[in-house]
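The values are calculated or read from the model by the stated rules, or taken from the named source; none is laboratory data. Since this is a predicted model, take the numbers as computed values, not measurements. Using ideal geometry, Cβ is built from the backbone for each residue, glycine included, and neighbour counts are taken over all protein chains shown.
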Amino acid sequence: MATKPFTRLFAGATLLGGLALTAVAGLAQGFPKPPAPPPPSSVVSAVQGAANQAVGAVTELTADQKQKVEEAKRQLEAKVKAAGEALKIRAAQRVSQLNTFYSDQRKTRQASQKTLLSRNLIVKAKGPALATSERAPVAKTTPASGGPTLRPMPGGSNSQPSSGSAGGVPAPMILNLSSTSGEPGDPILVTGTGFTPATEVYFLVGPSRLEKAPVGFSTDTQLMVDVPQVTGIPAFSGLVQVKREDSQVSQGSPFRFTPRTTIIGYFIEYSSVIADAELHDDGEAARYIQGYDSIRGSGFFVRHSSVSPFGFKVDDTLFPNTRLKNGWVVEDVIFNGSIGGSGKADLLEFGKGTNALKMKVHGWTIAPVFGIFEDVSYGGNILIRGPEGVSYK
């Protein structure tokens, strides 16, 4: 497809040569038949010279255009490489910037929550009911071996488990959680009855995954804890339970575990052709999309190129059927729409905050390189946000 102009040039050369030979044949038919002498050498030489000159001119022009096209391609490859490096730097900076932003935001929020909850505890701590000397005695029994045996209630029931009591002391009970959802490090105030300084708090953060939470403050009726620092698991609707040192366990109180998120680049294998793309233009351009070496291989590169002086427009849809899984969403796209030598492209839309990678791009040629080579090339990096340590596939 890209060689059509060359085909036309060679066809023109052949036509000129053919016309020259036809002219020679016509002149020959005008002379007497044999044994008549051949036409004067000056006439034949003039016609053949004209034909050779025409063919030579076309051949020289074709070679020149070939050289210009190859030079344009070399320039484009150099621009693509430089643009890839620039995109790599921009993407890495953006990933660092976003992760720092969300980390600072999380720390500020958690510090504010702790301050607020601590103030509430200090106010309540003034009451005589929280004095250590007035706490209800608890029977001292040896905990069961092999760790706690908690009893999550099906469906998050708040009814007490049938654990009875130890030494006449009622089992602990959770009456309220300051928040019914949270991520690792978030402070949670557990309010209830039957607590002791040695009472432990557990979060069910996944199927059969029970995590012990550090207790920062405790009274007979309140426990201040942090959501356990766990990674590698998606969001989960679980429970919070407390276990006293006499092995008495409370009922389960519903709690939604939200994993801490991180920003990474969506991985596209380097140099692999990307099948999930719809590339369209109104010219006779060669088209392809592939991954290129960028941040962790996450870059994409699209090219529309043609040896034609007429120009064309581009309307592409990238990744229309690709979906992220396990709570991952699109955070940002680092885009460069002018990688090519003669065209430009704009990112019209992408699914920020959704699990859809679908993007729409519009592009157009500006001016042919050397008057014969047109190209619309663009690329970028897809940055996604999701649970730390969890696959997005």
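A few remarks follow.
- Against the list (1) farther than 19 Å from LEU117 by Cβ; (2) crowded, with 18+ Cβ neighbours inside 10 Å; (3) out of contact with any strand residue (DSSP E or B) (no Cβ under 7 Å at 6 or more places or on another chain), the condition SER208 fails is (2).
- Of the residues SER377, SER338, the single one that is assigned to a loop (DSSP other than H, G, I, E, B) and at pLDDT below 95 is SER338.
- Check on PHE217, surrounded by fewer than 19 Cβ atoms within 10 Å (Cβ to Cβ), touching a Leu at 6+ places or on another chain (Cβ under 9 Å) and more than 19 Å from VAL330 (Cβ to Cβ): yes
- Residue that is within 29 Å of the chain's Cα centre (by Cα), modelled with pLDDT of 95 or more and not in a loop (DSSP other than H, G, I, E, B), where the choices are ARG256, ARG296: ARG256
- Single match in ALA285, ALA275, ALA356 (criterion: among the aliphatic types (A, V, I, L, M), over 22 Å from ALA91 (Cα atoms) and either under 15 Å from the mean Cα position of the chain (by Cα) or surrounded by fewer than 17 Cβ atoms within 10 Å (Cβ to Cβ) (or both)): ALA275
- The listed residues are GLN251, GLN241, and the only one of them that is over 30 Å from LEU357 (Cα atoms), touching a residue at least 40 places away in the same chain (Cβ under 8 Å) and not in a strand (DSSP E or B) turns out to be GLN251.
- Residue-level check: of (1) aromatic (Phe, Trp, Tyr); (2) in contact (Cβ under 8 Å) with a residue 40 or more places away in the chain; (3) within 26 Å of ILE384 (Cβ to Cβ), TYR270 misses just (2).
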